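Undergrad: Before we start, here is the structure in question, set down as structure tokens.
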Amino acid sequence: MALVLFYHPLASFCHKVTIALYENGTDFTPEIIRHDLPSDRAALLEAWPVGKMPVLRDEERALTIPESSLIIEYLDTHYPGPRALLPRDADAALQARLWDRFFDLYVQVPMQKHVADRLRPDDQRDPYGVAEATATLETAYRMLEAHLEGRQWVLGDAFSMADCAAAPALFYAGVIHPFPENATRIRDYLGRLMARPSVHRTYEEAKPFIQYFPYRAQMPVGWGGVDWPTD
Ligand SMILES: N[C@@H](CCC(=O)N[C@@H](CS)C(=O)NCC(=O)O)C(=O)O
């Protein structure tokens, strides 16, 4: 297989890429990386010394591609499928990149701040940083709720890279810092995302690992339309 994906089925940034791969039925070899296994960690660091997943290895072109958004753009260019995740129109592509950045930087990153803080020892918590992250999430929710008016997907009618980024960001953030009561468009949008086969499959594959999500106890039953195992 030409494409190898270093990833973990529970990792939100990896979900962006599996959703993109499944959308287009792209063949790849999944290589699960466990950060707690020194040999896995060493393999990841060798591929991408930053040590973050996902990382794509294209054996045919002898190339390593890190960063979820770049991987999706790379797949769109070199392994295109029926669905163009980057619109061919330059202005629409800019919008896809903008909203992809929005979900990564202003939803996923503050969501990860909450998760990381929960995993820290009690005496090393960062309440100030967590409060900042919460404020960022609240701004993002307000912006998104307004943006979704009259739109099925982030760009309107066409599913794009921005929606690949939205799914994991909203899936996890919605548990950690629930959407406001009146954010009906965000809830409906998350419902539409989770109902897509590419997204549903991604979360079916996360099932065996969900007990490691530090906010598992706060997850509403059936969150995202998935029948989660009980611990
Ligand atoms: N900007 C990166 C972020 C990747 C990222 O934060 N990945 C997480 C998993 S969701 C990770 O590998 N964390 C491990 C660590 O920070 O040590 C991307 O878009 O791929």
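Undergrad: Just to compare against my own numbers: the Cα pair-distance distribution for the stretch 112-231, 10 Å bins, whole % per bin, please.
TA: Calculated over all Cα pairs of the stretch 112-231, the distribution is 12, 41, 35, 12, 1 percent.
Undergrad: By how many nm would the segment from ALA90 to VAL115 lengthen if fully extended, with 0.36 nm per residue of separation less the alpha-carbon distance?
TA: Working: separation 25, 0.36 × 25 = 9.00 nm, distance 3.58 nm.
Net length gain for the segment: 5.4 nm.
Undergrad: Could you tell me the relative contact order of the chain? Use alpha-carbon pairs under 8 Å, at least six residues apart, and round to a whole percent. It would help to have the intermediate numbers written out before the result.
TA: On the way: 302 pairs, mean separation 50.3, N = 231.
Computed value for the chain: 22 percent relative contact order.
Undergrad: Quick one: net charge of LEU155's neighbours, Cβ under 12 Å, K/R +1, D/E -1? Please report the intermediate quantities before stating the final value.
TA: Values: positive: ARG97, ARG151; negative: ASP89, ASP91, ASP100, ASP157, ASP163.
Overall, the nearby charge balance is -3.
Undergrad: Tally up the carbon and sulfur contribution to the accessible surface of the stretch 128-206 as a whole percent, 1.4 Å probe, everything protein left in place.
TA: Working: 1700 of 3250 Å².
Whole-percent figure for carbon plus sulfur exposure: 52.
Undergrad: Rounded to the nearest whole Å³, what is the per residue volume of the convex hull around the Cα atoms of the chain? Please report the intermediate quantities before stating the final value.
TA: On the way: hull volume 30.7 nm³, N = 231.
Normalising the Cα hull of the chain by residue number yields 133 Å³.
Undergrad: In square angstrom, what is the accessible area per residue of the chain with a 1.4 angstrom probe?
TA: Working: 11340 Å² over 231 residues.
Accessible surface, normalised per residue, equals 49 Å².
Undergrad: Just want to confirm a number: the relative contact order over the stretch 90-223, from Cα pairs under 8 angstrom separated by 6+ residues, in percent.
TA: Values: 106 pairs, mean separation 39.7, N = 134.
The normalised contact order for the stretch 90-223 reaches 30 percent.
Undergrad: What shape does the stretch 181-231 take by its C-alpha gyration tensor, where a ≥ b ≥ c are the square roots of the eigenvalues and a/c under 1.5 counts as rounded, a/b above b/c as prolate, and the rest as oblate? Kindly include the intermediate steps, with their values, before the conclusion.
TA: Details: a/c = 2.61, a/b = 1.33, b/c = 1.96.
Oblate, because a/c is 1.5 or more while a/b does not exceed b/c.
Undergrad: Take the solvent-accessible surface of the protein heavy atoms, probe 1.4 Å, and return the percent of it on the stretch 3-67 that carbon and sulfur atoms account for.
TA: 53
Undergrad: If you add up the charges near ASP100, with Lys and Arg at +1 and Asp and Glu at -1, over every other residue whose beta carbon is less than 14 angstrom from its beta carbon, what do you get?
TA: -2
Undergrad: Write out the GluC sites (Glu not before Pro) in the stretch 8-116 meeting two conditions: DSSP loop, and at most 14 other Cβ atoms within 10 Å of their Cβ. Don't skip to the end; give the middle numbers.
TA: Values: sites: GLU23, GLU31, GLU46, GLU59, GLU60, GLU67, GLU73; in loops: GLU59, GLU60, GLU67.
Listed in order of number, the matching sites are GLU59, GLU60.
Undergrad: Using a 1.4 Å probe and counting only protein heavy atoms, arrange ARG88, ARG101, ARG57, ARG216 so the residue with the most accessible area comes first.
TA: On the way: ARG88 165, ARG101 90, ARG57 65, ARG216 35 Å².
Accessible-area ranking of ARG88, ARG101, ARG57, ARG216, largest first: ARG88, ARG101, ARG57, ARG216.
Undergrad: Given Cβ point charges of +1 (Lys, Arg) and -1 (Asp, Glu) and nothing else, what value in debye, to the nearest 20, does the dipole of the stretch 74-224 about its Cα centre take? Please list the in-between numbers first.
TA: Numbers: 17 positive and 19 negative charges, 68 e Å.
With only Lys, Arg, Asp and Glu charged at Cβ, the dipole is about 320 debye.
The values are calculated or read from the model by the stated rules, or taken from the named source; none is laboratory data. It should be emphasised that the depicted structure is a prediction, and the values quoted were computed from it without experimental measurement. Neighbour counts run over all protein chains shown; Cβ positions are idealised from the backbone, glycine included. Heavy atoms of the whole protein, side chains included, go into the accessibility calculation; ligands, DNA and RNA do not. Shrake-Rupley method; radii C 1.70, N 1.55, O 1.52, S 1.80 Å.
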